[in-house]
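**Q** My structure is below; once you've seen it, I'll send some questions.
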Amino acid sequence: MHPWTGQVVSVIPGKGEVPRIQDGITGKLIPSLTGSQADLYVCGITPYDATHLGHAFTYLAFDLLVRAWRDVGVTVRYAQGLTDVDDPLLERASATGQDWRELARSQTALYKSDMAALGVIPPDAYRGVVESVPLIVAAVERMLGAGQAYRVALPGGPALGPDSGLGDVYADLSTDRWFGSLSGLNRETQDRLFAERGGDPGRPGKRQRLDPLLWRAARSGEPSWDGRSLGPGRPGWHIECAVIAANELGQPFDVLGGGSDLAFPHHEMSTSHSRAIGGLEAPTRLTMHTGMVHYLGQKMSKSVGNLVFVSELLGRGVDPAVLRLALIGHHYRTNWEWSGRELALADARLSRWRDGIGAVTAQLDSTATITKIRAALANDLDAAAAIAAVDDWISTASTGTDRSPYAAGDLRRAIDALLGIKLY
Ligand code: ZN
């Protein structure tokens with residue numbers, strides 16, 4: 001699937017530092033890459049309600065990482081998934097009387113246009129689940145063959161066997177001795193979150209309550225695909241990301257990313273599946289989770305209905321650069337409350353920057369400021385500190401007397417390359 005079209009990114013002199021990222025497992029700051037290549041997999045949207053500010057906050061965080069990596073001079077390989085068939089999508093389509101394919105198509109198009117407007121560098125590989133079904137089927141077949149998965153008869157359906165139903169397929173988590181190491185949660189919390197976030201702990205016939213669905217056999221009224229020996233059906237959620245990431249990036253890859261609400265069960269389960277696929281204890285070097293954006297006192301979510309959409313704000317005339325600046329000013333790991341006042345603050349700041357850079361009146365070298373921006377981003381993507389460094393330069397420059405358009409040009413390019421804000 002084609003991602004969106006990216007904007008031209010400025011080139012700046014020198015090189016950035018390797019960003020150190022707080023690992024979601026250990027909590028330690030560790031270098032986000034080790035060689036001359038950096039690999040990133042980020043879970044994509046389920047396209048039935050795109051793109052709210054929580055989504056935008058997440059993808060902007062990974063965009064900062066991609067920009068910092070490019071500034072180091074390494075080759076970046078960025079893969080992002082798209083859950084273009086799943087229960088919530090089918091439920092929404094059914095509730096609104098839409099064809100699920102049309103709903104997915106329209107919301108994916110909206111998401112892409114929002115990402116392009118916000119200046120997010122597109123992933124190198126943007127892969128939908130639907131186009132990845134043959135790969136997923138092959139992975140589930142291998143897991144069944146290796147004893148890492150098993151079949152469960154359908155509720156009210158025929159018993160399992162060659163002449164009757166093939167059933168659903170579940171992963172057997174007891175075959176993964178490292179399961180649980182990613183989230184570090186106790187079993188009680190795992191069980192609760194699994195039930196809250198799409199799992200089915202009480203499904204009769206499962207070996208363990210937490211065993212996740214790998215392949216859902218076709219049901220009446222639901223879309224299905226050829227599953228070869230699995231029978232017709234569709235993939236479970238977690239195996240999709242494991243397969244797409246392994247196919248695009250290989251194993252191990254550097255960073256697995258997404259919102260913090262994906263840590264369990266989604267990333268725990270998909271990492272378990274990645275171990276089953278590749279045989280490595282640690283298929284990912286580090287996990288990076290973004291905080292939740294709240295609004296009206298609660299996490300912004302589809303189920304609560306307190307969503308603020310990027311397209312709505314842009315439709316009301318908000319400059320996408322202002323929205324971008326407002327969002328990246330919050331550290332990516334924090335949970336924070338959107339009030340709307342951020343827009344006025346970011347708008348005033350962007351005007352100061354544009355005016356200050358455009359009419360710089362000081363013989364003021366920007367090299368030190370660019371170094372500060374790079375250092376801030378290398379420190380767990382501290383964009384707020386980078387923004388403060390630009391603020392300092394602008395306020396100092398506005399008090400000087402000499403003209404130095406070259407210095408301003410380098411800084412303008414750095415703000416574009418590293419923060420994704422174009423000051424023209
Ligand atoms: Zn995922």
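The values are calculated or read from the model by the stated rules, or taken from the named source; none is laboratory data. Keep in mind that what you see is a predicted model, and the values were worked out from it rather than measured. Every residue, glycine among them, receives a Cβ derived from its backbone with ideal geometry; neighbour counts consider all protein chains shown. For accessibility, only protein heavy atoms count, side chains too; no ligands or nucleic acids. Shrake-Rupley method; radii C 1.70, N 1.55, O 1.52, S 1.80 Å.
**Q** Quick one: is Gly329 open to solvent by less than 40 Å² (accessible area, probe 1.4 Å), among the small types (Gly, Ala, Ser) and away from the ligand (no atom under 16 Å from the Cβ)?
**A** yes
**Q** Condition first: among the hydroxyl-bearing types (Ser, Thr, Tyr) and more than 16 Å from the ligand (Cβ to nearest atom). Now tell me which residues in segment 49-70 satisfy that.
**A** Hit for segment 49-70 is Thr51, nothing else.
**Q** Failed condition for Glu281, given (1) more than 30 Å from Leu343 (Cβ to Cβ); (2) open to solvent by less than 40 Å² (accessible area, probe 1.4 Å), with all others met?
**A** Against the list (1) more than 30 Å from Leu343 (Cβ to Cβ); (2) open to solvent by less than 40 Å² (accessible area, probe 1.4 Å), Glu281 comes up short only on (2).
**Q** Then there is this: Go through segment 195-245 and give me each residue that's away from the ligand (no atom under 12 Å from the Cβ), of a type in the set (A, V, I, L, M) and touching a residue at least 40 places away in the same chain (Cβ under 8 Å).
**A** Of everything in segment 195-245, those that are away from the ligand (no atom under 12 Å from the Cβ), of a type in the set (A, V, I, L, M) and touching a residue at least 40 places away in the same chain (Cβ under 8 Å) turn out to be Leu210, Leu213, Leu214, Ala217, Leu230.
**Q** Just to be sure, is Leu89 more than 16 Å from the ligand (Cβ to nearest atom), open to solvent by less than 10 Å² (accessible area, probe 1.4 Å), touching a residue at least 12 places away in the same chain (Cβ under 8 Å) and over 30 Å from Leu418 (Cβ atoms)?
**A** On the way: more than 16 Å from the ligand (Cβ to nearest atom): no; open to solvent by less than 10 Å² (accessible area, probe 1.4 Å): yes; touching a residue at least 12 places away in the same chain (Cβ under 8 Å): yes; over 30 Å from Leu418 (Cβ atoms): yes.
Answer is no for this residue.
**Q** Follow-up. Residue by residue through segment 195-220, note down the ones that are surrounded by fewer than 16 Cβ atoms within 10 Å (Cβ to Cβ), assigned to a loop (DSSP other than H, G, I, E, B) and of a type in the set (Gly, Ala, Ser).
**A** Residues satisfying the conditions are Gly202, Gly205, Ser220.
**Q** Within segment 308-317, is there a residue that is of a type in the set (A, V, I, L, M, F, W, C) and either within 30 Å of Pro252 (Cα to Cα) or in contact with a Ser or Thr (Cβ under 8 Å, 6 or more places away or on another chain) (or both)? Can you show your working first?
**A** Here is the first cut: in segment 308-317, the residues of a type in the set (A, V, I, L, M, F, W, C) are 308-310, 313-314.
Of the ones still in play, those that are also either within 30 Å of Pro252 (Cα to Cα) or in contact with a Ser or Thr (Cβ under 8 Å, 6 or more places away or on another chain) (or both) are 309-310.
Checking segment 308-317: at least one residue is of a type in the set (A, V, I, L, M, F, W, C) and either within 30 Å of Pro252 (Cα to Cα) or in contact with a Ser or Thr (Cβ under 8 Å, 6 or more places away or on another chain) (or both).
**Q** Here's a follow-up. Is one or more of the residues making up segment 117-134 among the basic types (Lys, Arg) and within 16 Å of the ligand (Cβ to nearest atom)?
**A** Within segment 117-134, the subset among the basic types (Lys, Arg) is 127.
Next, only the ones that are within 16 Å of the ligand (Cβ to nearest atom) stay: 127.
Yes.
**Q** For the structure I just gave you, tell me whether Thr175 is more than 12 Å from the ligand (Cβ to nearest atom), within 26 Å of the chain's Cα centre (by Cα) and more than 21 Å from Leu40 (Cβ to Cβ). If you could, list the steps in order and put the result at the bottom.
**A** Values: more than 12 Å from the ligand (Cβ to nearest atom): yes; within 26 Å of the chain's Cα centre (by Cα): no; more than 21 Å from Leu40 (Cβ to Cβ): yes.
It is false that Thr175 is more than 12 Å from the ligand (Cβ to nearest atom), within 26 Å of the chain's Cα centre (by Cα) and more than 21 Å from Leu40 (Cβ to Cβ).
**Q** Out of Leu314, Leu262, I need the residue that is touching a residue at least 60 places away in the same chain (Cβ under 8 Å), assigned to a helix (DSSP H, G or I) and over 30 Å from Gly147 (Cβ atoms). Which one?
**A** After applying the criteria, what remains is Leu314.
**Q** Let me ask another. Could you please find all residues in segment 69-86 being open to solvent by 10 Å² or more (accessible area, probe 1.4 Å) and aliphatic (A, V, I, L, M)?
**A** Selection gives Val72, Val74, Val76.
**Q** Suppose we filter segment 1-47 for residues that are surrounded by 22 or more Cβ atoms within 10 Å (Cβ to Cβ), of a type in the set (Ser, Thr, Tyr) and either more than 16 Å from the ligand (Cβ to nearest atom) or more than 30 Å from Glu312 (Cα to Cα) (or both); how many remain?
**A** 1
**Q** Could you list all residues from segment 392-424 that are modelled with pLDDT of 95 or more, touching a helix residue (DSSP H, G or I) at 6+ places or on another chain (Cβ under 7 Å) and part of a helix (DSSP H, G or I)?
**A** Passing the criteria: Ala414, Ile415, Ala417, Leu418, Leu419.
**Q** Which one is least open to solvent (accessible area, probe 1.4 Å) among residues in segment 246-271 that are within 12 Å of the ligand (Cβ to nearest atom) and acidic (Asp, Glu)?
**A** By that ranking, first place goes to Glu268.
**Q** Of (1) open to solvent by 30 Å² or more (accessible area, probe 1.4 Å); (2) charged (D, E, K, R); (3) within 13 Å of Pro3 (Cα to Cα), Asp114 satisfies all except one. Which?
**A** The one condition Asp114 does not meet is (1).
**Q** Given the condition crowded, with 17+ Cβ neighbours inside 10 Å, under 30 Å from Ala348 (Cα atoms) and over 16 Å from the mean Cα position of the chain (by Cα), answer yes or no: does some residue in segment 286-295 qualify?
**A** yes
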